[in-house]
Amino acid sequence: MNCGREQDGKNAAATGVCPAATDMRLNGIHAGRNAGRTCWMIAGTLCGGKIQGTFGMKYKNLRNSAIFYQNTSTEEGSDYKLSVFLLNKLKPAPAAAA
């Protein structure tokens, strides 16, 4: 989004570092660094200047209003990863047996 909320970004001091900029679980998806090209999947990202909630809370408005989501989908074409794939990547690793 070029929002300047990456670590040491121009807006990080004022609005905080974006959780998508530091969440490494989706690193490399859609050719992005950390979750930067999948930020709609990460809770606590800004949209329209407001902190957004979980993916489940965001999803109902996503297809109609999220310009970044729509642009990413178009740019990635057949390489676009569906939300179900991304959600599986976000699941915590199973706990090791004791």
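The values are calculated or read from the model by the stated rules, or taken from the named source; none is laboratory data. None of the values given here were measured: they were computed from a predicted structure. Cβ: placed from backbone, ideal geometry, glycine included. Neighbour counts: every protein chain shown.
General observations
- Positions within the stretch 40-76 being assigned to a helix (DSSP H, G or I), basic (Lys, Arg) and loosely packed, with under 13 Cβ neighbours inside 10 Å, in sequence order: Lys60, Arg63
- The stretch 13-72 - residue that is more than 9 Å from the chain's Cα centre (by Cα) and among the basic types (Lys, Arg) and, of those, modelled with the lowest pLDDT: Arg63
- Enumeration of residues in the stretch 60-96 that are of a type outside the set (D, E, K, R) and under 16 Å from Ala20 (Cβ atoms): Leu62, Ala66, Ile67, Phe68, Tyr69, Asn71, Thr72, Ser83, Leu86, Leu87, Leu90
- Index of the failed condition, Arg37 passing every other in (1) under 16 Å from Tyr69 (Cα atoms); (2) surrounded by fewer than 15 Cβ atoms within 10 Å (Cβ to Cβ): (2)
- Residue check, Lys81 touching a Lys or Arg at 6+ places or on another chain (Cβ under 9 Å), part of a loop (DSSP other than H, G, I, E, B) and not hydrophobic (A, V, I, L, M, F, W, C): yes
- Of all residues in the stretch 4-39, those satisfying the criterion of being under 17 Å from Phe55 (Cα atoms) and part of a loop (DSSP other than H, G, I, E, B) are Cys18, Asp23, Asn34, Ala35, Gly36, Arg37, Thr38.
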